[in-house]
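The values are calculated or read from the model by the stated rules, or taken from the named source; none is laboratory data. Note that the coordinates shown come from a computational prediction; the quantities given were computed from them, not determined experimentally. Note that each Cβ is placed from the backbone with ideal geometry, even for glycine, and that neighbours are counted across all protein chains shown. Only protein heavy atoms, including side chains, enter the accessible area calculation; ligands, DNA and RNA are left aside. Shrake-Rupley method; radii C 1.70, N 1.55, O 1.52, S 1.80 Å.
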Amino acid sequence: MKYRTALFIYGDEKSVFDGIGAQDVLTVPASKSSPLAREDRIEIAFSELKSEYKTILEKLRLLNVQLNKNRSIKPKQTIFTSHESQPAGVRIDVAPQSARNMDHYKQLSDLAVQMISKLIHVETECKPWFFEEWYRGYIYEEPQIDVAFLQIWKSLIGGDIPVTTKDLSQAASFELVLDSDKLKLLLYWPLVDEPVVFNRSSSHEVGVFYLDSLPGDTDLSVNGVRVRGDSKLVPTSMYLNLFDSQIPDIYANHTFVQPTGLHPTYKVSLSKNAEPPHPSCRLMFDLDVPSTFIADEFQLEWSKKYFRNVVLYGHSDLELPSYKVTESCSLRLELQPDIVEFEIPLHLRYGEPKGGSQEIGISTGDLYWDCETDSDTRLLIQNSFMYENRIAEQTHSQLYHIGSTGANHLVAKLAVADLADSSFVESWTLLLVTICALLIGKAAWKL
Amino acid sequence: MPLVVPKMSQSVPEISTGMIMVSSLLLRVAFLLFGKYQDTYMDLPYTDIDYFVFTDASKFVFHGQSPFLRDTYRYTPVLAWLLLPINYWFDFGKLLFVVCDLVTGYLIIRLLQKYRKSVNWSLLWLWNPIVATISTRGSSESILTVVVMLLTYSVLNRQYALAGIITGLAVHLKIYPIIYIPAILLSIDPSQPFYQPFTKKRWIFVLTTLLGFTSLTGLMYYVYGDEFLQEAYFYHLTRLDHRHNFSVYNLTLYLSSYKGSSSLPFLQQHGLRIERLAFLPQLGLSMVLIPLKLATVNLIGCFFIQTFVFIMFNKVITSQYFIWFMCFLPIYTANSTIKPTRAAWLIGAWVISQGLWLWNGYQLEFLGKPDIFTNGIWSSSCLFFVCNSILAVNFINDMATQKQALVSKKDS
């Protein structure tokens, strides 16, 4: 097992480095005024996994599970863009490598999504859909990251848990990446405002970094220190080659146009005109649409002033109520390159008639420039410090994300009927129809 | 046909047919231009969402594919075929619907002239803002109203073979014109005793109707297969519209679609559901009793009341459906004996109760107001239903007066 913690300093790096205590325990200072971002990654070889799940995982070999809590504010730029661009809720991507044909591929994907949903205690039923070369399942349901992590650990690995339960309960996201012969567990905390303390261990590497890029620079240069076991703090300076990086100084505001009614309009406004990192880049917007929403791709295709190209992965039934639909979908929109504001018309499905109104959430989408990479850059990135084999990286593109200014989710209120009224409504409807039909019949009969 | 002409029409100067048609065309052009402006500059679009459905379906046909690849396209493929020029000119469909709407108006004028009524009554259709709005927004109902008026025209001209072909076409386009068949059959050879129902003319009508329907439907089935039958016909028989609409059944359908059964123990015990029972009063009245009693009194009045009752008892009602009976309104009104004050009350009640529902619908649809289903949408649907029932009874009583006038005229 390999275990690495990367801490990122948002503010004054000097005070953090001066405050690092490296005796028997390693203490990295953090406070509300000087918070850190933290990522833990635990890498486990296939041979270390428990046998019960090894068989199915061996059949899958490519699996990516992302669990993200709802967040109300977005932190400043970090080096952990891949976490920041993940949706609120639960996203499961699977590409079973042992499938014999497409049907088998789908069956195994269904099984994998069911298995993972059970493991991480997600109750909403989710039917995966084909997304590029993967099957994807997405549920807008705030995950219990500590429960999910512990359950995954207990079921797949066993033994001592390397992260404290307090840290687990504060994690904002948890990701499981199964990549061929390795299983990686990633935990992420965007704002750590208490000192972080680690016991020194030869299997645990800790790094503390700050961003050393010039303002407006999309290439990330980081400096910092690393330590493993009883070693000294090793000064580290590196150039981060990433598939996912964030464009500084430009942000997008994601909102629902108010009032939402039954037809929420998802609006994205950029703080300024987004210049492409390279002339050939395409401005894209990805949105996972939970089954409670309707995304009408035909309607979107008519919005040529915003969208150059519209792709809907999966299927969004345009009529059924939410209690008869389990399939979500994903939208991938190619935007007009000079756009500063665009709107996506969505619709709410009728909800379960439980009275009053229900809060229907959707994760904010991911706005990014999609730029093709050459083979040298790809190789550089794949051997880089932060490299993780995620979904978008299969496209051999470098993604420059435009961060969001606010929460990672939006909520619309859906008015619903009340099932408690059903006997009253049905009996009076029946009575009214009968009386009126008789009156009309009587009038006609008299003729 | 009875000739009970209300005094109202006698005091108003007759407008020439040309003037009516030109002014009606100008009205629609103005609506089309305003629609263009609204679509370009205002938040709420003018063009009907269905127009985009037709257009998308037509694009599929244009590229040699099935129009049913467009989700929610639940019409005959003939419509998508008719709209093929839309692939070159987006507004072609609206223009076609406006032309159909004007042709419907012209046929109304011809029928009014046939029965020596004031053509001014045609303004109830041709100057009707609801009618003009619906066709200029891109709703295809006017194609059907042309066909329905043509079938009415040919039945009244006793061209039964032609009437049969057109009736077949009408039923192919939308299922509901099937309700006119019993009334037409009863109006053909009306003195024929009921125990000897088969006459040559009736056979001609039935067979040509079958020919008209099966030839087009067969052709569409040959081209598009089961999908055509499922989407264009069977869906409408089994649809469960849980989303809010004018129908009195709406909330019950929403709740029962969630529950999977009726809420009433009596219905549960017998495995009955309201959506199945709903066909009984609807078809019992509009397809059986009303034709039996009214078809021989005044066929157009009978069609009008049949359609009105069919819609009010339907499980789903949208504003477009009102066009189905409005095409008969001018001729019905020209023959009506209802006094103007009473008519004003009835129209007022219809408009207000509909307005009340629309207000509640707006609160739900655009503002998302909670707790509005029972004490807003459903209660105003009930009120609208009661108003419609009162109107229906008044229309039938009016027909009774027309019948008495007819009998008195014969006697004298």
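Computed values, structure above
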| item | result |
| --- | --- |
| Label-point separation, A:N223 to B:Y195 (7 Å along Cα→Cβ), nm | 11.2 |
| Buried accessible area, chains B and A (both chains, 1.4 Å probe, Å² to nearest 100) | 4900 |
| The range B:179-251: C-alpha gyration tensor shape, a/c 1.5 cut-off, then a/b vs b/c | oblate |
| Surface share of carbon and sulfur [accessible, 1.4 angstrom probe, percent] for the range A:43-162 | 47 |
| Whichever lysines have a C-alpha closer than 27 Å to that of B:K36, once near sequence neighbours (fewer than 8 apart) are set aside | A:K267, A:K304, A:K305, B:K59, B:K94 |
| Where only alpha carbons of the protein assembly as shown are counted, the Rg and the Dmax (Å) | 33.9, 122 |
| Shielding by other protein chains, A:298-305, mean Cβ within 10 Å | 3 |
| Principal semi-axes in Å for the range B:25-125 [√(5λ), Cα gyration tensor, largest first] | 30, 19, 11 |
| Nonlocal amide H pairs with A:A30, under 5 Å, H built at 1.01 Å | A:V196 |
| Over 18 Å between alpha carbons, listed pairs A:K324/B:K174; B:K201/B:K410; A:K2/A:K184; A:K50/A:K166; A:K324/B:K259; A:K324/A:K354 | A:K324/B:K174; B:K201/B:K410; A:K50/A:K166 |
| Table column - 3J(HN,Hα) (Hz), the range B:400-407, Karplus curve with 6.51, -1.76, 1.60, x for Gly and Pro | 5, 5, 4, 5, 4, 4, 5, 5 |
| Rg/Rg_ref, chain A, where Rg_ref = 2.2 N^0.38 Å and atoms are Cα | 1.12 |
| Inter-label distance for A:E125 and A:L233, nm, one decimal - labels placed 7 Å from Cα along Cα-to-Cβ | 5.5 |
| Accessible area of the range B:314-412 divided out per residue, in Å², using a probe of 1.4 angstrom | 44 |
| Relative contact order [Cα under 8 Å, 6+ residues apart], chain A, whole percent | 18 |
| Quotient of Cα Rg and 2.2 N^0.38 Å for the range A:259-322, N being how many residues it contains | 1.34 |
| Per-residue HN-Hα couplings for the range B:192-198 [Karplus 6.51, -1.76, 1.60; θ = phi - 60°; Hz; x = Gly/Pro] | 5, x, 5, 7, 10, x, 8 |
| Residue mean of other protein chain beta carbons inside 10 Å, B:361-373 | 5 |
| 5 angstrom amide H check on A:C329, placed H, neighbours 5+ away | A:V289 |
| Whole-number percent relative contact order across chain B, with pairs defined as alpha carbons under 8 Å at least 6 apart | 19 |
| Per residue accessible area in Å² of the range A:43-111, where ligands, DNA and RNA are left out and the probe is 1.4 Å | 42 |
| By average C-beta atoms within 10 angstrom, highest first, the peptides B:310-318, B:361-369 | B:310-318, B:361-369 |
| Evaluated over chain B, the Cα radius of gyration and Dmax, each in Å | 21.7, 66 |
| Extension gain from A:T27 to A:T405, taking 0.36 nm per residue of separation minus the Cα-Cα distance | 133.0 nm |
| Distant-in-sequence amide H partners of A:G403 (H built 1.01 Å from N, under 5 Å) | A:I247, A:A252 |
| Cβ-derived FRET efficiency at R0 30 Å, B:L25 paired with B:K339, nearest 0.05 | 0.35 |
| Reach of B:K117 by Cα under 12 Å, taken over aspartates and glutamates that are not fewer than 8 positions away in the same chain | B:E14 |
| Orphan Cys of chain A, criterion: no other Cys C-beta under 4.7 Å | A:C126, A:C329, A:C436 |
| Structure-based [θ]222 nm, the protein assembly as shown - -39500 (n - 2.57) summed over DSSP H runs of at least 4, per residue, nearest 500 | -13000 deg cm²/dmol |
| Reciprocal mean inverse distance between Cα atoms of the range B:278-412 - Kirkwood radius, Å | 16.1 |
| Aspartates and glutamates whose Cα lies under 17 Å from that of B:K293, excluding same-chain neighbours fewer than 8 positions away | B:D189, B:D398 |
| Stokes-Einstein D for the range A:134-239, Kirkwood Rh over Cα pairs, 20 °C, 1.002 mPa s (µm²/s) | 128 |
